[in-house]
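First comes the structure, then the notes that go with it.
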Amino acid sequence: MDDTKPKSFAEIQQMMKPLRNINVERKQHLSKLDKIAMWITDHVGTMGFFLIIFAWTFLWLGWNIIGPKELRFDPYPGFVLWLFLSNMIQLFLMPLLLIGQNLQGSYSEARAEADFEVNTRAELEIETILLHLENQNKLILEILQRLEKTEVKPKGE
């Protein structure tokens with residue numbers, strides 16, 4: 001007919017490359033250190049971790065303030081050991097959290113690329129469907145026009 005003939009489904013499938021599973025790709029490319037950083041990032045940013053640190057701090061400070069004097073290991077007002085430990089926790093966690101966030105950011109970008117690919121594919125398929133529908137409408141109108149021409153009109157009209 002005309003040059004706007006829609007592509008067939010087989011032609012569309014041949015044009016498409018297979019969809020990627022970003023979750024599988026991500027897991028396959030993480031090193032052991034990356035997996036550890038991701039685990040820490042996933043678990044440190046939870047209320048459970050916050051409650052553990054809060055309880056530990058409360059117990060540490062409480063014991064060293066009101067515990068028996070002979071059993072206090074970091075008595076008030078020193079708390080030097082606790083300050084040292086809390087600073088060490090911060091120093092170790094901050095880079096690990098940043099590494100984990102960077103990995104999560106690159107994963108988000110890969111997911112966005114995969115979503116774009118799926119959306120582009122869906123758009124092409126929708127356009128093809130619309131072209132098929134337009135052609136069907138044209139054919140139906142042609143058939144109706146032919147039927148109207150060949151239809152026998154009654155004599156009384």
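Going out from 0 in 5 Å bins, what whole percent of all Cα-Cα distances in the chain drops into each bin?
Pairs per bin, as whole percents: 1, 7, 9, 9, 8, 7, 7, 6, 6, 5, 5, 4, 4, 4, 4, 3, 3, 2, 2, 1, 1, 1, 0, 0, 0.
I'd like to know which of Ile66, Ser106, Ser31 lies farthest towards the positive end of the charge dipole of the range 22-119, counting +1 on Cβ of Lys and Arg and -1 on Cβ of Asp and Glu.
The residue sitting most towards the positive pole is Ile66.
Starting from the 7 Å offset along Cα-to-Cβ, what nm value, one decimal, do you get for the label separation of Gln145 and Leu81?
So the two model labels end up 9.5 nm from each other.
Please report Val44, Val24 as a ranked list, fewest other C-beta atoms within 10 angstrom at the top and most at the bottom.
Listed from fewest to most nearby Cβ atoms, that is Val24, Val44.
To one decimal place, what orientation-averaged projected area in nm² is obtained for the convex hull of the Cα set of the range 72-156?
Taking a quarter of the hull surface, the average projection is 13.5 nm².
Arrange Phe49, Phe58, Phe79 by Cβ neighbour counts within 10 Å, fewest through most, would you?
By the 10 Å Cβ count, ascending, the order reads Phe58, Phe49, Phe79.
So for the pair Thr57, His132, with labels modelled 7 Å out along Cα→Cβ, what separation do we get in nm?
Label at Thr57, label at His132, 6.2 nm between them.
What is the extension gain from Met47 to Leu33, computed as 0.36 nm multiplied by their sequence separation minus the C-alpha to C-alpha distance, in nm to one decimal?
So the extension gain works out to 2.6 nm.
What is the fewest-to-most order of Arg26, Arg111 by other Cβ atoms lying within 10 Å of their Cβ?
Result, fewest neighbours first: Arg111, Arg26.
Compute the helix-to-body angle for 80-150: its Cα long axis versus the longest principal axis of the chain, expressed 0 to 90° and rounded to tens.
Approximately 10 degrees, to the nearest 10.
Work out the count of Lys pairs in the chain where the Cα-Cα distance is under 30 Å, with the pair 8 or more places apart or on different chains.
Total qualifying Lys-Lys pairs in the chain comes to 10.
Each residue of the range 24-35 in order: what ³J(HN,Hα) in whole Hz does its phi give by Karplus 6.51 cos²θ - 1.76 cosθ + 1.60, θ = phi - 60°, with x for Gly and Pro?
5, 4, 4, 5, 6, 9, 7, 7, 4, 5, 5, 5
Hey, what number do you get for the chain at 222 nm if only DSSP H runs of n ≥ 4 count, each worth -39500 (n - 2.57), divided across all residues, to the nearest 500?
-26500 deg cm²/dmol
No value in this document is a laboratory result; all are computed from the given coordinates. Please read all numbers here as calculations on a predicted model, not as lab measurements. No Cβ is skipped: glycine too gets one built from the backbone with ideal geometry, and neighbour counts run over all protein chains shown.
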